[in-house]
Amino acid sequence: MSLTPLEERSVLPFYLNMMGTNARRNATDLWPDLLRAGEDVTLADASWLISSGDRNWRPVVMGAWFSLKFDEHEIGEPLRRAMAESRGSLTAPPLAVACVVLLGRGATDALASYPDPPDASGSFVAAARESVDGGQAEESTAEDRTAFAEMRAIGTSLRDAWRPTR
């Protein structure tokens, strides 16, 4: 597989450690490198990464995290599309976190658009949806509510760390 320079510097070093719910275990160790890599990611880069799902899921993972640098009016629509097009547990958790952190209460529709997956990621997305609409969905588990809360904290911290660079 041939990688673009953007993928080589912003996806390849991180995606395995940040896919699914892996950020819970790995974000702290990656923090300085992740922040440094994110400083160079432009809005166009982040939009391209989260829109790459039809070609490759790996850029979507990191596009979700890097989208946290930007505001809803800049990247909200590509993020909503990526959530609706996500096909499973590798991309859905980072996308759900980005949706909640960036879109706030507006994330409900984006999260509801997530297709019914054949894996456990539906419970994680339901936990994300619960966090914005205040309900408790039958399809979420206590474990996924905890995982979402931890990942949301990582997403919020990333956003806060990148905001001064804007």
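The values are calculated or read from the model by the stated rules, or taken from the named source; none is laboratory data. These numbers come from a predicted model, not from an experiment. Counting neighbours? That spans all protein chains shown, and the Cβs are built from the backbone with ideal geometry, glycine included. Ligands, DNA and RNA are excluded from the accessible area calculation, which covers all protein heavy atoms including side chains. Shrake-Rupley method; radii C 1.70, N 1.55, O 1.52, S 1.80 Å.
For segment 143-160: of the residues being over 13 Å from the mean Cα position of the chain (by Cα) and either crowded, with 17+ Cβ neighbours inside 10 Å or at pLDDT below 90 (or both), which is farthest from residue 89 (Cα to Cα)?
My answer is 145.
Applying the selection to segment 75-101, what residues are within 11 Å of residue 64 (Cβ to Cβ), assigned to a helix (DSSP H, G or I) and either touching a strand residue (DSSP E or B) at 6+ places or on another chain (Cβ under 9 Å) or open to solvent by 10 Å² or more (accessible area, probe 1.4 Å) (or both)?
Once the filter is applied, which keeps residues that are within 11 Å of residue 64 (Cβ to Cβ), assigned to a helix (DSSP H, G or I) and either touching a strand residue (DSSP E or B) at 6+ places or on another chain (Cβ under 9 Å) or open to solvent by 10 Å² or more (accessible area, probe 1.4 Å) (or both), segment 75-101 yields 78, 101.
Scan segment 92-104 and report the pairs whose first residue is farther than 14 Å from residue 130 by Cβ and of a type outside the set (Lys, Arg) and whose second residue is assigned to a helix (DSSP H, G or I) and open to solvent by 10 Å² or more (accessible area, probe 1.4 Å), with Cβ atoms within less than 6 Å and a gap of 6+ or a chain change.
101/156; 101/159; 102/72; 103/72
Of the residues that sit in segment 38-52 and are part of a loop (DSSP other than H, G, I, E, B) and either open to solvent by less than 40 Å² (accessible area, probe 1.4 Å) or among the small types (Gly, Ala, Ser) (or both), which one is nearest to residue 98 (Cα to Cα)?
This residue is 51.
Yes or no: segment 131-139 includes at least one residue that is assigned to a helix (DSSP H, G or I) and either open to solvent by less than 10 Å² (accessible area, probe 1.4 Å) or within 27 Å of residue 30 (Cβ to Cβ) (or both).
yes
Here are 35, 12: which of them is not hydroxyl-bearing (Ser, Thr, Tyr) and not in a helix (DSSP H, G or I)?
Every option except 12 fails the conditions.
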